[in-house]
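Take a look at the structure below.
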Amino acid sequence: DIVRLLRETAPNGAHVIGHSLGGWVSLMAGAKAPGNVLSIVAEDPYTGEASLVGSKSTRDRGSDYEADARFLESAPSIEPLKERIAASNSRYSPELVEKLAILQFRTDPALIRGRGTRLEQRSDFTAEFKKIKAPTLILQANPEKGGILPYEEARRVQGLIPNCEVVSWPHTGHNMHIARNFDFVKAVNKFLSGVGVT
């Protein structure tokens, strides 16, 4: 779907940014449609079987996808979602809580249910990563703070992509763009300026 979207809307190429599973989608778009992807920013991306998604530590943090899907289906408005997000993220501002609640409210519960089974087919995507030609920035979060990309895996992927830089943020968890939004924008702008975007 993303490759088709890029071909139809950006025939001269686009700079692609993705977070988590979206980071993997961005990398795969670069592999499958190199002529349509000018650069890639993958923020704490899923990279295959070495990723920490679905690990015991992730499950221990409370990933009950069926319960989450049922909760979303029963929510008559964003208010219950706001309460739930605020209760588990006390440092989030009311504005951020509302934005996240709106995003969740608009999410198809089937997508949440699918998270529980998505990782049964595992791979390391070595062949696909080697096909990426676009300059690539991987922003890596700290696995001890909830990041899903281990240090060794980040280096492995970097070695497969010809023009790839990895920047590790040791004090930041998986949602880097939320926890350090100013630094995230700064890092992306620096990378894009380095590949000729003004």
**Q.** Complete set of residues in region 123-156 that are assigned to a loop (DSSP other than H, G, I, E, B) and charged (D, E, K, R)
**A.** Asp124, Lys131, Lys133
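Is there a residue in region 54-73 that is closer than 22 Å to Asn189 by Cα, open to solvent by 50 Å² or more (accessible area, probe 1.4 Å) and either among the small types (Gly, Ala, Ser) or free of Cβ contacts under 8 Å to residues at least 24 places away in the same chain (or both)? Steps first, answer last, please.
Keep residues of region 54-73 that are closer than 22 Å to Asn189 by Cα, which gives none.
No, the conditions are met nowhere in region 54-73.
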(Q) It is to be established whether one or more residues within region 111-125 are modelled with pLDDT of 90 or more and not basic (Lys, Arg). (A) yes
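Are any residues in region 83-102 over 22 Å from Lys145 (Cβ atoms) and open to solvent by 100 Å² or more (accessible area, probe 1.4 Å), and if so, which ones? Break it down into steps so the answer makes sense when it comes.
Here is the first cut: in region 83-102, the ones over 22 Å from Lys145 (Cβ atoms) are 83, 94-95, 98, 101-102.
Residues satisfying the conditions are Glu83, Glu95.
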Q: Say whether the condition of being open to solvent by less than 60 Å² (accessible area, probe 1.4 Å), under 23 Å from Ile132 (Cα atoms) and of a type in the set (Ser, Thr, Tyr) is met by at least one residue in region 160-168.
A: yes
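Any chance region 23-44 includes a residue that's open to solvent by 30 Å² or more (accessible area, probe 1.4 Å), in a helix (DSSP H, G or I) and touching a Pro at 6+ places or on another chain (Cβ under 8 Å)?
Yes; the residues of region 23-44 include at least one that is open to solvent by 30 Å² or more (accessible area, probe 1.4 Å), in a helix (DSSP H, G or I) and touching a Pro at 6+ places or on another chain (Cβ under 8 Å).
Looking at Glu152, Glu128, can you tell me which residue is open to solvent by 70 Å² or more (accessible area, probe 1.4 Å) and farther than 30 Å from Ser74 by Cα?
Numbers: Glu128 fails: open to solvent by 70 Å² or more (accessible area, probe 1.4 Å).
That would be Glu152, the only listed residue that is open to solvent by 70 Å² or more (accessible area, probe 1.4 Å) and farther than 30 Å from Ser74 by Cα.
The values are calculated or read from the model by the stated rules, or taken from the named source; none is laboratory data. Quick caveat, the model's predicted, so the values are computed rather than measured. Glycine gets a Cβ as well: all are built from the backbone with ideal geometry, and neighbour counts include every protein chain shown. In case anyone asks, the SASA skips ligands and DNA or RNA and just uses the protein heavy atoms, side chains included. Shrake-Rupley method; radii C 1.70, N 1.55, O 1.52, S 1.80 Å.
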